[in-house]
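Everything below concerns the one structure shown next.
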Amino acid sequence: MGSDGGEGEKSTRERILDIALDLFIDQGYDKTSLREIADRLGYSKAAVYYHFASKADILLALHYRLHDMFGGSLDDLNQQVDDPVAWAKVLDTFIGQMLADRRLFILHERNRAAFEKLHRDQLHEDQHSDLEGTFRTLLANPEVPVADRVRLACALGAIMGTLAIAGEAFASVPTEDLTDMIRSAVGDLLTPR
């Protein structure tokens, strides 16, 4: 495989994750082998091991893609916590990011047992707890009127409910249409009455 360092390694790592994402969605985490991932990549199994110690590490890296998406948006909200008007812009960006990576939600839905095991076995709960803590701190901020915080919580719930909780209920809806519908619903929720 040759290690050309830096960006080349990142590119190979991301290709492994993209291939694994497709395979885990199409045939399931449990039924996908590292050999299949390597074959699809056109590399040896050892090349995959160079980037990931195990198949569970690949699943964890895919899970962290969601954490990265949420973390940035929550940080943006925290920085503008006292400006409910700015929340709509942040959430609009968040919706776009989430729908661009819509397959990550399908991955979670189709591989629930694998993710539950991952949560039990892997020591990444600190990052998960940090996201929840950031969200709770944001919603508990007494400097923001409670009505605004409730609207924000409902807007975030609408986004997460549509993509995570609804599972594949909207899988057949074209991404552009779903994006428009979610943005409309969030706009309605954030607008004071």
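The values are calculated or read from the model by the stated rules, or taken from the named source; none is laboratory data. Computed from a prediction, not measured in an experiment: that's the story for all the values here. In this analysis, Cβ positions are derived from the backbone assuming ideal geometry, glycine residues included, and neighbour counts consider all displayed protein chains.
Answer yes if at least one residue in the stretch 74-87 is of a type in the set (A, V, I, L, M) and at pLDDT 85 or above, and no otherwise. Scanning the stretch 74-87 turns up no residue that is of a type in the set (A, V, I, L, M) and at pLDDT 85 or above.
Here is a yes/no grid of residues against (1) assigned to a helix (DSSP H, G or I); (2) under 16 Å from the mean Cα position of the chain (by Cα); (3) under 30 Å from Lys31 (Cβ atoms):
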site	(1), (2), (3)
Arg120	yes, no, yes
Phe135	yes, yes, no
Leu138	yes, no, no
Pro142	no, no, no
Ala155	yes, no, no
Ala169	no, no, yes
Leu189	yes, no, no
Arg193	no, no, no
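Report yes if Arg183 is farther than 18 Å from Glu109 by Cβ, out of contact with any Leu (no Cβ under 8 Å at 6 or more places or on another chain), assigned by TED's automatic domain parsing to the domain that holds Ile106 and basic (Lys, Arg), otherwise no. Yes, satisfied. Taken together, the criteria exclude Leu91 from residues that are under 18 Å from Gln27 (Cα atoms), of a type in the set (A, V, I, L, M) and in contact with a helix residue (DSSP H, G or I) (Cβ under 6 Å, 6 or more places away or on another chain).
Within the stretch 12-31, being farther than 16 Å from Ile106 by Cα and out of contact with any His (no Cβ under 9 Å at 6 or more places or on another chain) holds for Glu14, Arg15, Lys31. For the stretch 78-96, a residue qualifies if it is surrounded by 13 or more Cβ atoms within 10 Å (Cβ to Cβ) and more than 21 Å from Asp180 (Cα to Cα), and the qualifying residues are Asn78, Gln80, Val81, Asp83.
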